[in-house]
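**Student:** Quick one: structure below, then a few questions.
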Amino acid sequence: CVVSGTHVTPPHSTIRPGFPVPANTNSPAVRKAARFGVYRYNNSSNDLFLFKESQIKKAMVQIVRGLKYMLHVEIKRTVCEKRDHSSLDSCHFQREKNLQQMLRCYFEVWITPWTHEVHIPVTHCH
């Protein structure tokens with residue numbers, strides 16, 4: 001990476017720092033960012049069960065002292081109970097009709113790769 005001031009621009013990138021651009025919703029980086037948002041949601045919810053991302057509807061990324069992801073994500077209730085501290089990868093979605101729940105979320109996830117810091121300033125689910 002080429003570092004200039006506070007911006008980091010990947011080599012040969014067409015992305016200009018400061019402008020949000022669409023990101024591939026299937027990319028590993030976007031999926032990882034979405035999972036960070038889900039962790040934050042799970043930590044702050046009063047639900048008995050863990051939620052997990054079911055679909056990333058839209059993703060934007062902005063280069064600003066790291067990478068800021070703006071994600072529209074659908075999350076669904078899993079069969080894993082919070083107190084079990086399960087790995088979300090092994091949690092299946094609820095099959096029981098009366099326990100199924102889907103929420104639409106907007107997450108902002110700010111990742112600073114060189115310090116391994118993750119900030120999630122916005123988690124809005126409804």
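The values are calculated or read from the model by the stated rules, or taken from the named source; none is laboratory data. All figures in this text were calculated on a predicted structure; none of them were measured in a lab. With ligands, DNA and RNA removed, areas are computed over all heavy atoms of the protein, side chains included. Shrake-Rupley method; radii C 1.70, N 1.55, O 1.52, S 1.80 Å.
**Student:** Just to confirm, what accessible area per residue do you get for the chain at 1.4 Å probe, in whole Å²?
**Tutor:** Per residue, the chain has an accessible area of 63 Å².
**Student:** Ok, one more. Note down, for region 21-125, the three equivalent ellipsoid semi-axes (square root of 5 times each alpha carbon gyration tensor eigenvalue), biggest first, whole angstrom.
**Tutor:** In descending order the semi-axes read 25, 14, 11 Å.
**Student:** Residue-wise, which Karplus ³J(HN,Hα) couplings in Hz belong to region 28-40, taking 6.51 cos²θ - 1.76 cosθ + 1.60, θ = phi - 60°, and x for glycine or proline?
**Tutor:** x, 5, 5, 5, 5, 4, 4, 5, 4, x, 5, 4, 4
**Student:** Next question, about the same structure. Excluding ligands and nucleic acids, what accessible area in Å² is computed for I111 using a 1.4 Å probe, to the nearest 10?
**Tutor:** That residue has around 30 Å² of solvent-accessible surface.
**Student:** Carbon-plus-sulfur fraction of the accessible area of the chain, 1.4 Å probe, in percent?
**Tutor:** 53 percent
**Student:** How large is the accessible surface of R104 in square angstrom, using a 1.4 angstrom probe and rounding to the nearest 10?
**Tutor:** Looks like 130 Å² after rounding.
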